Amino acid sequence: MAQSMMATDASFTSSEERSIQLRNVTKQFGEVTALNDINIDFAPQKINVLLGLSGSGKSTLLRHINGLHKPTSGEVVTLGTEVHRAGARKLRMLRREVGMIFQHFHLVESMSVLENVCTGKLGSLGGPRLGLFMYPKEVKEQAMEQLARVGLADKAFNRADALSGGQMQRVAIARALIQEPKVLLADEPVAALDPVSSATVMNLIGKIAKEDNLTVVCSLHQVELALEFSDRIIGLRGGELVMDRDASTLSLKEAHEIYSAVAVVTDEEIEQQVPELAGITTEQQS
Amino acid sequence: MATLTPEAPEAPRSTSGRHPVPPRPAPHPHVVATWAIFIGLLAMCVWSAYDLGINPVTIFERLANGVDFLSRLVPPEFPEPGRLIELTLTTLAIVFLATLFSVVTSVPIAIFAAVNTTTGMVSRQTARIIMIFCRAAPDLVFAIILIRVFGPANGALIGIIAMGLSSIGMVGKLLADNIEDVNRGPSEAIQAAGGARWQWIHSTVIPQILPQIIAHGLHRMDINLRNSVLLGFVGVPGIGAALSTAMNTRQWQLVMGLAIIITVLCIFMELLSGAIRTQLMGRDGSGRRRGILGVIDRIAHNNWVTAPTETHQVQRTRNGAVRTSPQWDAGRIQRFFGWLVLIGLVVAAVWDIQINWQVLTNTVTNFPEVVSRFFPPDGRGLYWDRFFPALVETVQIGFASLLLGLFIALPIGAMAARNVAPTPGIAKFFRIVIVVCRAFPELVLAIILVVILGFNATAGVLALAFGSIGLLSKLVADSLEESDTRVQDAVRASGANRLQTFFAATVRQTAPATIAHILYQLDVNIRAATLLGVLGLGIGFDLLEASTRNRYDILSLIILNILAVVVVLELISMYVRKVVR
Ligand SMILES: Nc1ncnc2c1ncn2[C@@H]1O[C@H](COP(=O)(O)OP(=O)(O)OP(=O)(O)O)[C@@H](O)[C@H]1O
Ligand SMILES: [Mg+2]
């Protein structure tokens, strides 16, 4: 206890050591407690994976890091910015340095791939843009280079909805990379993809994280992927931190055991989430 | 019967019979109120028709007698070609600019009105109030006010602003709905990247609603073209003004010629907007473009467009620079020429309407003084003898035409629905009837009827009744076709015949939608009845009179009356739509 208090103090003084810190973060959505007194630090230039069931609070945690959610109580410090008390302008400044990718890619489908990538730069450009021609030439060149990095330079002028899911996610990665971020947040980046595309996208994230020295916080469902790509695995359940392990010390078997311990659903939880189902499982069990 | 069968769901649970069947619950007060409103509206319809002396027998008699007068209309006489082209171009320029103006102003208003893009409660409500106000006031009213403010020298500008403003209500509402329906993911992604509100609205919301913006704009252009004719009667230049002069001087053959031109223009506009829609949105199953653009695309790809193949190397132009704009494929050609044509049209249209800047700046400076003349509203002692009866007559025309229109439109609508018509051929035939009725401008019909029947209410009622065919039967047919056919099959399977099925399953299902459409049509008809004033009927006539004689106080009194009627109707239909679902 005393140790953790000391760690808290230290972390607030040397923000270079830890790029993201969450202190006693609790988030309440009405009655639902999505995060319950979470304390966690993320060291720079590491790949961190959040594992957990649907509704365990992975997305909510990620969204606290760049201020898309504000904690009900507790403190969030990202890259030295106090997210929990930052105003709109300060948040925008922070978010320029934090890239984010989503399960459903969130591209504007009727727009060209290149323009989608350019929109990632809006945070550091002043004023609104309507159309590719309104972006500075350097931004468009950067966008093209990022597309080459993710292997989609040939699709630069295609409409985004003409791409496959895996390709769309790579465009979203390029859109995050054009921000030149220090932190990359990924909310189930491969949940909507087939195994082959999943591997491609995860490989890409891993490679880019190494090349650009990114701190990655990524939520996942698959234990194998988590083990393969992460430095550190964090388990969430019902809004609480239930596991925090160095990935290199974990065997696949061990990880599965832990994960299934994390992932096993109690009747109580089912009743909370889907009351109609609760009876069915007990009937089957009996 | 049913309560005696033990299996019937509404049978009492108790088998001993000691417990009495529970009494039917008293109907909800809202339901009672709705029925009262319906019966009241129906009574209004019947009373209006009776009071205006409208019954089928006299209508047929008078039509038969009046047909002789039709010979006055033939042969149609056209203005000389030069003048004709000038008139047409003026009308098209005004309609085009009005539509552009309304779309350009509707987009920001819709952004403030939509829940996901608004800046706060206050701006959201303000935007919604602006839209409701713009919807309530017919463009004729805007034009009459503006013509007093800007003076008659800037008729074209007045037409543009009047139609533009009154379009904001409808276009803004539709766009706000579209904005609320867009995928919010991309907006969130830009927020997460540090984009400010106006940046993500421009980069993610507007691209997503662009197709709808174009579609609403094209649709509104159709409506504005029809309305522009009417505005000609208050001094907006173009074909409408020529028609107005011809009517006032009773040059019936010229009236007929101009009516034909208007009809042709309306049909042309329908075809044009259909063509633009397919050009913009048209792709075949494999995603290839249709039409001319498809041809251009294929030529481009065989000649000057090189398909990039390198995935990990930036695309470069011939001279080695990084490629930052697309090659000249069909898409870019379309965008480039689209913008070029749009800008060209704006320049041409602005040049064509010749705004009188001097008069404009003069009038803008005495704007407050002119506006103050409208207050306080005063009927100069004529209200109860003249304006109020005229208002009642206008409302009666609206109601009576609805009644007559229902008799014509409901059967046509039912016959045009594929799942109701006895054979597909019949459905197709009635669909065509509807399309033809829609293409035919109401005002032209009203004019012909006025020629036949003289300046009286019957002509107005008939014109509006026919006008409802185009709109109401289409809406009825569409909602019938959307009804759940499984219910119909179930009822038919139980041995009901076609008519029974229709009433038991289809009518019951579509009743709420149909009621909403009927109320909407009532609203349309009463507004249109006001506009018939340009032909010398009802309150609209007094409105025009007051306007030409500079009686500002009377003008504002009448406008307030019209707005009151429209708002009351709007409230009633909002209430009924909420209850009936
Ligand atoms: N905006 C919100 N409003 C209300 N409740 C929310 C909101 N966002 C999340 N929640 C609730 O918070 C809890 C945690 O949700 P969260 O989205 O973080 O879970 P998750 O682990 O990301 O799940 P999934 O794997 O399904 O994405 C859930 O019970 C959810 O219903
Ligand atoms: Mg989630």
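The values are calculated or read from the model by the stated rules, or taken from the named source; none is laboratory data. Because the structure is a prediction, the values reported are computed rather than measured. Neighbour counts run over all protein chains shown; Cβ positions are idealised from the backbone, glycine included. In case anyone asks, the SASA skips ligands and DNA or RNA and just uses the protein heavy atoms, side chains included. Shrake-Rupley method; radii C 1.70, N 1.55, O 1.52, S 1.80 Å.
Tabulated data
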{"read-out": "Strands (runs of 3 or more DSSP E) contained in segment A:16-84 and holding at least 3 residues among the β-branched types (Val, Ile, Thr)", "value": "A:20-29, A:32-42, A:73-78"}
{"read-out": "Residue within segment B:189-196 that is out of contact with any Ser or Thr (no Cβ under 9 Å at 6 or more places or on another chain), among the polar types (S, T, N, Q) and within 18 Å of A:Leu130 (Cα to Cα) present", "value": "yes"}
{"read-out": "When residues of segment A:202-233 are limited to those that are in a loop (DSSP other than H, G, I, E, B) and surrounded by fewer than 21 Cβ atoms within 10 Å (Cβ to Cβ), the one nearest to ligand 1 (Cβ to nearest atom)", "value": "A:His221"}
{"read-out": "Number of positions in segment A:102-113 that are crowded, with 22+ Cβ neighbours inside 10 Å and more than 8 Å from every other protein chain (Cβ to nearest Cβ)", "value": "1"}
{"read-out": "Test result for A:Ala199, away from ligand 2 (no atom under 16 Å from the Cβ), modelled with pLDDT under 95 and either crowded, with 23+ Cβ neighbours inside 10 Å or more than 9 Å from chain B (Cβ to nearest Cβ) (or both)", "value": "yes"}
{"read-out": "Scan of segment A:236-248 for residues that are closer than 20 Å to A:Ser19 by Cα and either outside any strand (DSSP E or B) or within 14 Å of ligand 1 (Cβ to nearest atom) (or both), ordered by number", "value": "A:Leu241, A:Ala247"}
{"read-out": "Of the criteria (1) more than 8 Å from chain B (Cβ to nearest Cβ); (2) within 23 Å of A:Pro181 (Cα to Cα), which one A:Arg149 fails", "value": "(1)"}
{"read-out": "Scan of segment B:198-231 for residues that are away from chain A (no Cβ under 11 Å), over 12 Å from the mean Cα position of the chain (by Cα) and over 20 Å from B:Ile261 (Cα atoms), ordered by number", "value": "B:Gln212, B:Ile213, B:Ile214, B:Ala215"}
{"read-out": "B:Glu77 in a loop (DSSP other than H, G, I, E, B) and modelled with pLDDT of 85 or more", "value": "yes"}
{"read-out": "A:Thr8 at pLDDT below 95, open to solvent by 10 Å² or more (accessible area, probe 1.4 Å) and part of a strand (DSSP E or B)", "value": "no"}
{"read-out": "Among the residues listed as B:Leu210, B:Leu218, B:Leu225, B:Leu293, the single one being open to solvent by 30 Å² or more (accessible area, probe 1.4 Å) and part of a helix (DSSP H, G or I)", "value": "B:Leu210"}
{"read-out": "Number of positions in segment A:33-73 that are within 14 Å of another protein chain (Cβ to nearest Cβ), more than 10 Å from ligand 2 (Cβ to nearest atom) and among the aliphatic types (A, V, I, L, M)", "value": "2"}
{"read-out": "Filter pass, A:Val108 being out of contact with any strand residue (DSSP E or B) (no Cβ under 6 Å at 6 or more places or on another chain) and more than 16 Å from ligand 2 (Cβ to nearest atom)", "value": "yes"}
{"read-out": "Subset tally (residues that are assigned to a loop (DSSP other than H, G, I, E, B) and more than 11 Å from chain B (Cβ to nearest Cβ)) for segment A:163-179", "value": "2"}
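Yes/no matrix, rows are residues, columns are (1) near ligand 1 (Cβ under 8 Å from one of its atoms); (2) under 16 Å from the mean Cα position of the chain (by Cα); (3) at pLDDT 90 or above:
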residue: A:Phe29; (1), (2), (3): yes, no, yes
residue: A:Asp37; (1), (2), (3): no, no, yes
residue: A:Asn48; (1), (2), (3): no, yes, yes
residue: A:Gly74; (1), (2), (3): no, no, yes
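Residues checked against (1) open to solvent by 10 Å² or more (accessible area, probe 1.4 Å); (2) in contact (Cβ under 8 Å) with a residue 60 or more places away in the chain; (3) within 16 Å of ligand 1 (Cβ to nearest atom); (4) facing chain B (nearest Cβ under 9 Å):
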| site | (1), (2), (3), (4) |
| --- | --- |
| A:His84 | yes, no, no, no |
| A:Lys90 | yes, no, no, no |
| A:Leu94 | no, no, no, yes |
| A:Leu125 | yes, no, no, yes |
| A:Ala153 | no, no, no, yes |
